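Have a look at this one before I ask anything.
Bear in mind that the values in this text are calculations on the coordinates, not laboratory data. For clarity, every value in this text was computed on a predicted model and none was experimentally measured. Heads up, the Cβs are rebuilt from the backbone with ideal geometry, glycines too, and the neighbour counts pull from every protein chain shown.
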Amino acid sequence: MSDLFFYGTLRHLPLLECVLGRPSSQLTISEASFPDHAVYGVAGQAFPMIVPEKGSRAEGLIVKDFNADDLKRLAYYEGGFDYDLSPHQVNLRDGSRAKVNVFFPEPGLWTPDKLWSLQDWVDEWAEVVVLAAQEEMAYYGKVDASTIARNFAPIRTRAWAKLAARKRRTGDPRDTARDVIVQSHRHAHVNYFGVEELEVQHRQHDGTMGPVLKRSGLMQGAAAVVLPYDPVRDTVLLVEQFRAPVFLIDDPEPWMWEPVAGMVDPGETPEQTAYREAQEEAQVKLDALEYAGGAYSSSGSSTEYVYLYVGLGDLTRTIDNGGLASEGEDIRTQILPYDTFMQMVDANEFKDLPLLCLANWLTRHRDRLRG
């Protein structure tokens, strides 16, 4: 039996087409309902789950004409969320019943939240979920579904960052649709970060198209970086943690003093991330944020865009147990008088670029903040 009943996000045809890799017009689709079941949002997630509920009715779609590859692609996508197919009967609009397969979550894995609305989900989440699915399905046949499940959160973070990047215009008259030619594009690796490879041409300054270049990019989300500053006490707070890339380059001091920093989660603004990360990493409640600019951290190699802030608040204590254990963070903090901090900056005692940027911004705006 290859007929499926969709009650959740796959009712959104652009997402279904992305997962299948072909148009929904090639399928037979009809409305149906699943008696004695209801669809709830999953707590803390952007997708729903179906649960038995006497007297309720889960609305959805029956989709037919799946081929063997379609079913494999669906199992790959849904398997990343620990959903498996099981047979059930649903009601058709004409009053008849049909046997179908339905994706059910692993029992006890997810916690239901409130009743789920397809339209509300489309308005808030569909665009980012479709972008994330494009990356997930690019690895179909290359990595297993468990790898996608393990990296689901950073994949969504990258999709959220891509939506923000599409709005990042400064007035450049050139048009990538006309001035950039992609010869090939490959998703080469995924493991928290992604790596994508391009063969690409771009229009040169003399107006001609340049040669085909082979390039790769480290695919990351956007980050919010905030330097906590106490304008009354004239002090700054720094966090220290072990950084694996610094270790990998053979730097003998991979424990880095940095500002507070974290990835901008889907649905968050960079400001919300800055406040959240200050609390998570340093246990500091900030009163206000001063925006210090935004930029790509290393545009020749990485997609990461950094939003820089100075956060104003009372800095009265340090900790040695900051960060989230679930993310393997082991963070301690220190509070430095501004003069001491700048002496260390000038003595090249810090290796973190955002910290140096924020130190210079703070120097320019310190009198205003203190006043």
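Multiply the residue gap between residue 106 and residue 206 by 0.36 nm, knock off their C-alpha separation, and tell me the result in nm, one decimal place.
30.1 nm
What is the distance in Å between the Cα centres of segment 121-143 and segment 221-237?
Using only Cα atoms, the two centres lie 34 Å from each other.
Let me have the relative contact order for the chain, percent, based on Cα pairs under 8 Å that are six or more residues apart.
12 percent
Straight-line reach only, C-alpha to C-alpha below 30 angstrom: list the lysines that residue 162 could link to, leaving out same-chain residues fewer than 8 apart.
The reachable lysines, counting only those whose Cα sits under 30 Å from residue 162, are 72, 114, 142, 214, 285, 351.
Which of the peptides 5-12, 16-23 is most tightly packed, and how do the rest follow, going by the mean number of other Cβ atoms within 10 Å of each residue?
Final packing ranking: 5-12, 16-23.
Ok, one more. For the peptides 45-54, 247-256, 27-36, what is the packing order when you average, over each peptide's residues, the other Cβ atoms within 10 Å and list the highest mean first?
Ranking the peptides 45-54, 247-256, 27-36 by packing returns 45-54, 27-36, 247-256.
Could you run the Karplus curve 6.51 cos²θ - 1.76 cosθ + 1.60 with θ = phi - 60° over segment 14-28 and give me ³J(HN,Hα) per residue in whole Hz, x for Gly and Pro?
x, 6, 4, 5, 5, 5, 7, x, 7, x, 5, 5, 7, 10, 9
Quick check: convex hull over the Cα atoms of the chain, volume per residue in Å³, rounded to an integer?
Value for the chain: 189 Å³ per residue.
Could you pull out which residues in segment 162-186 have an amide N less than 18 Å from a spot 7 Å beyond the Cα of residue 199, following the Cα-Cβ vector?
Taking a point 7 Å out along Cα→Cβ of residue 199, the residues of segment 162-186 whose backbone N falls under 18 Å are 180-186.
If you take the Cα atoms of segment 1-139, find Rg, then find the Kirkwood Rh from the mean of 1/r over all pairs, what is Rg/Rh?
Ratio value, two decimals: 0.93.
Okay, which of segment 200-222 sit inside 16 Å, backbone N to the point 7 Å along the Cα-Cβ direction of residue 175?
Those under the cut-off are 203.
What percent do you get for the relative contact order of segment 30-160 when only Cα pairs under 8 Å and 6+ apart count?
Value for segment 30-160: 27 percent.
Using only the alpha-carbon atoms, what does segment 276-343 span along each of its principal axes? Please give whole angstrom values in decreasing order.
Largest first, segment 276-343 extends 38, 34, 26 Å along its Cα principal axes.
Something else: Using a Förster distance of 22 Å, how high is the FRET efficiency between residue 314 and residue 365, based on the Cβ-Cβ distance and rounded to 0.05?
0.70
If R0 is 35 Å, what FRET efficiency do you get for residue 146 and residue 2 from their C-beta distance, rounded to 0.05?
That gives a FRET efficiency of 0.90.
Based on the mean of other Cβ atoms within 10 Å per residue, sort peptides 200-206, 170-176, 327-333, 238-244 so the most packed one is first.
Per-residue mean Cβ counts within 10 Å order the peptides as 238-244, 327-333, 200-206, 170-176.
Related question: For segment 66-128, run through the trypsin sites (Lys or Arg not before Pro) and keep only the ones in DSSP coil with at most 12 other Cβ atoms within 10 Å of their Cβ.
Answer by residue number: 93.
For segment 180-229, which chymotrypsin sites (Phe, Trp or Tyr not before Pro) are in a loop by DSSP, counting at most 11 other Cβ atoms within 10 Å?
Passing both the DSSP loop test and the Cβ count: 192.
If I stretch the segment between residue 167 and residue 89 completely, what's the gain in nm (0.36 nm per residue apart, minus their alpha carbon distance), one decimal?
23.6 nm
Any chance you could check the Cα centroid distance between segment 8-66 and segment 170-220 for me, in angstrom?
36 Å
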